[in-house]
Structures are given as structure tokens and as C-alpha cells.
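Participant: Sending over a structure as C-alpha cells; questions will come in a sec.
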Amino acid sequence: MRSVTLASPSIPRWSFLCIGAGALGTYIGGSLMQVGQRVVFLVRPATAKILRARGLRLVLEGTTYALPEPLLATSLDEALRLGPYDMGLVTVKAYDIEDFVKALFPYRAALPPLVCLQNGVESEVYLARVVGEANVIPATLTSAVSRPEVGVAVVERLRGMGVAQGHKLLPPLLAILNAAGLRAREYPDAATMKWSKLLTNLLANASAAILDMSPAEVFAHPELYALEVGQIREAMAVMRRLGLTVVNLPGAPLRLLVTFMSALPPAISRPILSPFLSRGRGQKMPSLHIDLHGGQGKTEVDYLNGAVVRFGQRLGVYTPINRVLNETLLALSRGDLPKTQFQRRPEVLLEQVRRTMG
């Protein structure tokens, strides 16, 4: 087990407020700590108790890095007393964003610029209401990271992260992120970057959660694979209406992927793409499956498939597959439908989609 390794003296040493210590917060905040950056984690009291006892651990390419005694705060008042901060990292789940923004608002004058690492394409709008659009830095992570237990982040597939251009602090921020091994890359257009990432969040995510099947099983099923292609085509139609094009993200050749999905019939593209897509998540189950079957009682699906539906409604784009996936998983998460209704029963979900599409 290895400990902290200091970065080059030429890299600035900043103070970060990392909001959340799930898989994302533990990985990014822990990576920054590992190269000597100062990081304060804003977490729930129960999480703080565990982290004080165990510290953080990063597992990267088979090596475990120990990060004892992280700086912790369990309230915004306490967190801000440990400041000031050069940058904030928003890593909480997208379904917490509205309540989180309400909690932040009274402290808006004391907040640093915020890097928004949440899934979906709408969280930046909420954060801008607190710190202003100019102080929200859209970002996205393509590395696959799991959290087997509180305080432990396991990098299943190291790819990198994207950060949108536009903020004056971007050059030193990128230098720090890359010194921490996060493979950060800047993108000129935030919306293009975030919508491209959304495509990766859609694939075998809601369907795997609803059916309680692995992504590999979803992609191996011809009709389910066609369903995946259909939801991606709907999202791409929304992107075209928005004037956005798909861009490659770190370690994710999305342009080639969507070209295959758009141009080829599913029966032809499935043998080509299924092995690649199945390997993409490493050993971890998709986030929507983890939330539903982990008893969270909440789901991010409305910020993923639901966002496609909402934008489609505004723009006149028909999105029935995304609508069925969104509404079905929301109902399962609320307990309105029993999980057994769809569990390992693709035919039930496919019939529901067929009825919706007429």
C-alpha cells in the first residue's frame, strides 16, 4: 500500500472543496490528495465517521494508495470555516442537485468556482443560479470507477475527464488535474461535451436496472440491443435539433460508435459493437442498477433518459423509447411497480415499448 506522492513544485497547490465522497468524489478528491493538494470533503455525518476511522483508499492498476486522515466537514458552515477554497468539485448525484442548490444559496458569496462533474446536461443551470454561469465549469469523467465500500474508489477503466473551456482558472486547474493522473482534457463547447457523455450514460443503464441484467447480457440479446440503438438514435436526433455534434471523449471513441449505430442495421452492428460495449464498464454494474438494487430509493434516470424526453418535447423530437425507460425505472424506484415484474424478463419491457410506439 502506497502513500502520498508530492507533485512537481511547478504545479500550484490549491485548496479544493469536494462536495460528496461517493465513487466520483473519492476518486477525484483522493487523486488530488495523493499529489499533495489540500482537499476538504463535505459529507454526511455517517460517512464522516467511517472516513475518520479508515481514511481513503484508491485502487489503480492493482496498486492501493492509502490516504489517512482526510479533512472532513459535515455541514456547509463547517466546510467554509476550513476555507477559503480555490475551487469546488460537485460530485453528488444528479437527483440531489435541486436540494443541494437550495442549501448552497445562503452561502453563495463565500463559494469558489464550481466544477460540475454530475451526469446529465442540466445540473450546470442549477449551479449557475448560485455562483453565476461564469463560475460554473462543466466537466465529465469517462474513467469507470466503482466504490465497493465507503472511502474506497477502484478504477475499473482509466480513461480520463473532459473540462469545458471558458474559465480564467482553467490552465492551472488542468495542470493540477493532470498532475494527479486524471488525464484531463479541455473541450471548446460544454454542451457538446456533456451531451456526448450523456450518450455513454444511456447505454445499457436504464435497461440493465429495469431487467436486473448485466450490460453484456443486454447487448447479447438482439432485441434489447436494438432497443439500445433506438434510444441512442432518439438522443442524437435531439442533439441535431440543438445544433450539437458528437465528440470523442477521453478513451471513448463516440463518433465511430454513433456512426455504426446510425448507419448500420442493429443486426449488423451488434456483432461488431457488443464486445466493445460490454468491456467498456469493466466489472462494475451501471449506476442506475446500483441505485435501484442497492435500495437507494432514488434514481438518476430522470436526469439521463428523462432529459432526452424533456428536450425532445421542447424541440418536437419523438422519444418513446427514452420515455418508457424513464417512466418504468422511476416507477420501480418509487415502489409503484414490483421489481419482479421486469426482472430478467426482456419480453415484458419490449412489449411495453411496442405498445407505446403503436
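The values are calculated or read from the model by the stated rules, or taken from the named source; none is laboratory data. Keep in mind that what you see is a predicted model, and the values were worked out from it rather than measured. Cβ sites come from the backbone with ideal geometry, for glycine too, and all protein chains shown count toward neighbours. With ligands, DNA and RNA removed, areas are computed over all heavy atoms of the protein, side chains included. Shrake-Rupley method; radii C 1.70, N 1.55, O 1.52, S 1.80 Å.
Participant: Would you confirm, using the coordinates I've provided, whether Ile290 is of a type in the set (A, V, I, L, M, F, W, C), assigned to a helix (DSSP H, G or I), closer than 23 Å to Val155 by Cα and open to solvent by 60 Å² or more (accessible area, probe 1.4 Å)?
Facilitator: Considered against the rule, which asks whether it is of a type in the set (A, V, I, L, M, F, W, C), assigned to a helix (DSSP H, G or I), closer than 23 Å to Val155 by Cα and open to solvent by 60 Å² or more (accessible area, probe 1.4 Å), Ile290 comes out as yes.
Participant: Then there is this: Does Ala263 satisfy being open to solvent by 20 Å² or more (accessible area, probe 1.4 Å) and in contact (Cβ under 8 Å) with a residue 24 or more places away in the chain?
Facilitator: no
Participant: Here is a list: Arg147, Arg129, Arg183. Which entry is in contact with a Ser or Thr (Cβ under 9 Å, 6 or more places away or on another chain) and more than 26 Å from Ile11 (Cα to Cα)?
Facilitator: Exactly one residue qualifies, and that residue is Arg147.
Participant: Still on this structure: How do the pairs read when you match residues in segment 76-99 that are within 16 Å of Val115 (Cβ to Cβ) and open to solvent by 20 Å² or more (accessible area, probe 1.4 Å) with residues anywhere that are in a helix (DSSP H, G or I) and at pLDDT below 95, using Cβ under 7 Å and keeping only pairs 6 or more apart or on different chains?
Facilitator: Here the result reads Val92/Phe100, each pair linking segment 76-99 to a residue that is in a helix (DSSP H, G or I) and at pLDDT below 95.
Participant: Looking at Glu234, Glu327, which is the one that is in contact with a Pro (Cβ under 9 Å, 6 or more places away or on another chain), at negative phi and surrounded by 13 or more Cβ atoms within 10 Å (Cβ to Cβ)?
Facilitator: Result: Glu234 is the single residue among Glu234, Glu327 that is in contact with a Pro (Cβ under 9 Å, 6 or more places away or on another chain), at negative phi and surrounded by 13 or more Cβ atoms within 10 Å (Cβ to Cβ).
Participant: Restricting segment 119-142 to residues that are in contact (Cβ under 8 Å) with a residue 60 or more places away in the chain and open to solvent by 10 Å² or more (accessible area, probe 1.4 Å), which is nearest to Leu32 (Cα to Cα)?
Facilitator: My answer is Leu141.
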